[in-house]
1. Relative to the first principal axis of the alpha-carbon coordinates of the chain, what is the inclination of helix 214-226, with its axis defined by its Cα atoms, in degrees from 0 to 90 and to the nearest 10?
2. Using Cα pairs under 8 angstrom and six or more residues apart, how large is the relative contact order of the chain, in percent?
3. Taking C-beta distances below 4.7 angstrom as the pairing criterion, name the unpartnered cysteines of the chain, in sequence order.
4. Identify the GluC sites (Glu not before Pro) of the stretch 207-307 meeting these criteria: DSSP loop state and at most 16 other C-beta atoms within 10 Å of the C-beta.
5. Sum up the charges of everything whose Cβ sits under 12 Å from the Cβ of ALA286, counting Lys and Arg as +1 and Asp and Glu as -1, but leave ALA286 out.
6. Once the dipole of the chain is set up with Lys and Arg at +1 and Asp and Glu at -1 on Cβ about the Cα centre, which of GLY154, VAL41, MET5 lies farthest towards its positive end?
7. Compute the long axis of helix 107-120 from its Cα atoms, compare it with the longest principal axis of the Cα atoms of the chain, and write down the angle in degrees, 0 to 90, nearest 10.
8. Spelling out what I want: for every residue of the stretch 84-91, take phi, set θ = phi - 60°, compute 6.51 cos²θ - 1.76 cosθ + 1.60 (Karplus), and round to whole Hz; glycine and proline get x.
Amino acid sequence: MLVVMRDLATQSEIQHVVEHVHEAGAETHLSQGEVKTVIGVVGEREIVYALDLEGFPGVQEVIRVLKPYKLVSRDFQGEDTVVTVGTASIGGGALGVVAGPCSVESADQMMRTAEAVKAAGATMLRGGAYKPRSSPYAFQGMGLEGLKLLREAGDAYGLPVVTEVLDVRDAEKVAEFADVLQVGARNMQNFMMLEELGRMKRPVLLKRGLSATIEEVLSAAEYVVKGGNRDVILCERGIRTFETYTRNTLDLAAVAALKTLTHLPVIVDPSHATGRRELVAPMSRAGIVAGADGIMVEVHPDPERARCDGPQSLDFEQFATLMDGVRPLAVMEGKRLS
């Protein structure tokens, strides 16, 4: 349920509503703008719907929300959420570019990649230390050593680092090295992990599941935001369909739809979506035109020798060319590279 307060409602009026909700056994989450305050009320339906708040001083309207996601919806917060990590921002007109290899392989690889992507205009450095692989015999990542190399490369070139949390038991350790904690497609509905990340003070990059609906993505984000962590970035990385030419099917309609449904920033991962190097640049441009707040691109010094996802990775020159094509589109869409 959403309680919309009148313009310029006083703090005592807002607090009075909050205290009444808490006494009834429900939770509150506040979205406060310069003029308008919206109080999100979350709890058991019988308790929430039994609250009689319409006549409280300062209350303008009470909206009963039937959607399973409430705090991430535009109803709760009309303004775009801006996720800021160090000097980089995503959302609210700030375009984020997350670039780097699928997996961390060596110190030399990470340093060279960080230098190249920073020079081309990337705003964050990505790299996998723990890799979820379909085959148990494939390279599983360097683990803790990989985290250290990723952190060193990010610090050397002033780039915040993004890496995946594969297991809830590793979340605290990964958070010691990473600025943004990524939830992969396979873990999108790992609710225990989402609840844990909701209690942590690190932004979360949440990838859409292989066959997840838009409502399921937003409900997964709700788990994180409900826990108190409002810095969530959604990532469209393609869904599984009958098409086999591309690795997945990039759902750009979902990007446009999400921008109307949620205040959270939305980025596109054309590398995992297509699985084909030659399609990464055009799909990056298409994603930005569809309304995306950023892109996530795999970049490797020598894609042919990459231990993971070489066919979809760009080399340094290809990434620089991609960025040259992205800049004018960003300006056209009213976005700026953060």
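Read-outs: derived from the displayed coordinates by stated rules, not from any lab. In this text, all values refer to a predicted model and were calculated from it rather than measured experimentally. For neighbour counting, all protein chains shown are included, and Cβ atoms are generated from backbone atoms with ideal geometry for every residue, glycine included.
1. 70
2. Numbers: 736 pairs, mean separation 55.3, N = 338.
Averaging sequence separation for qualifying contacts and normalising by length gives 16 percent for the chain.
3. CYS235
4. For GluC sites (Glu not before Pro) across the stretch 207-307 that sit outside H, G, I, E and B with at most 16 neighbouring Cβ atoms in 10 Å, the list reads GLU243.
5. Values: positive: ARG285; negative: GLU236, ASP251, GLU333.
Within the 12 Å Cβ shell, the charges total -2.
6. Positive-most Cα among the choices belongs to GLY154.
7. With both axes taken from Cα atoms, the answer is about 70 degrees.
8. 10, 10, x, 8, 9, 9, 9, x
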